[in-house]
């Protein structure tokens, strides 16, 4: 099994090197945009990397005065992936327009970058730049020591980003780990952790753990106020500061979502869950009334949980969310009036609980029903609760309690 990590590391770059890197960024983005424009020219959108390489490589090299071949191919790959994403959304009946590349960055691989212990050599529009790493204290416990300088991880590539005049290299690392089948449950013989996402509560699990959206909403309003004040100024300084505020906002929220993802994966491990089941995120804005900011947060949280779970052999899935907020997790009766804001009360059996918690259990049950395998002799699947387990039919089994060295129900 492959585990991947990304480590951001600041670079020490002087003014001449910075000017060269800025020119490289501009040329890389121009190259990617040229390929996209070509892909969208005609009746169909071209998504094949091979076809786009055949049809654009020589043109891009000529128009950029011989831009590094490896970076031209990296720009082509970036463009092809963006085109594939657009076509995929069209197939789902969603709106999507031709991609544009504005975020200042360059994609590097081992042909265009050489990674050393304390510096990196990067290809540019005019030869190479050698930039020293700006590293934390050697004794500190950081991703640099855990991943970047670990013998267990291999560097696969990087993305160079420009932020307020500073240069940060996001280095991609990976390692191969063996699955420990003696410790890890399988989807056929394990348990499921259901997760409901929402506006008031960013995430709620079937074990009854809540991560509220209060902190997220507070900082979202604060950053909106800051951008609004700067926008009224209308100056170039204000525009630059608005961009800085946006980057700080994204950085804060990413740290918050990483923390929630770590706690969510820990919850699954503590309860010996083999699967973490989320609702399908495709139309979550329409279902929940979430803002674009919340949709961004849901996507990032799912992404972080997915790759953090991989290292522990936990599968992360999405299920059809239809009626998970209206269905009673106890008796299965479904009705719109079962839910009133955050309160859930089944009109048929009278079951009452927090609506998001009820939905989290239903999401876990939806995964069970979708993946029923029949009588294969293995232990039955179940949705993990704080107090026990739900089986595929909604039947409840209490957790075992240890008393005087003996397990009792």
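We did not get these values from a lab; they are worked out from the coordinates using the rules stated. What you are looking at is a predicted structure, and each value in this text was computed from that prediction instead of being measured. Here the Cβ positions follow ideal geometry from the backbone for every residue, glycine too, while neighbour counts run over all protein chains shown.
Put in order of Cβ neighbour count within 10 Å, fewest first, the listed residues 281, 257 become 281, 257.
What does the highest-first list of 71-84, 30-43 look like by mean Cβ count within 10 Å? Mind dumping the intermediate values first?
Working: 71-84: 21.8, 30-43: 18.6.
Highest-to-lowest ranking by the protection proxy: 71-84, 30-43.
Modelled label positions at residue 37 and residue 50, each set 7 Å beyond Cα in the direction of Cβ, lie 2.8 nm from each other.
Taking the square root of 5 times each eigenvalue of the Cα gyration tensor, what semi-axes in Å does the equivalent ellipsoid of the stretch 32-153 have, largest first?
Values: eigenvalues 230, 81, 25 Å².
Values for the stretch 32-153, descending: 34, 20, 11 Å.
Label-to-label distance for residue 292 and residue 12 is 4.0 nm, based on points extended 7 Å past Cα in the beta-carbon direction.
Take the Cα of residue 156, go 7 Å toward its beta carbon, and the backbone nitrogen atoms of the stretch 298-327 under 14 Å from that spot belong to 307-308, 310-311.
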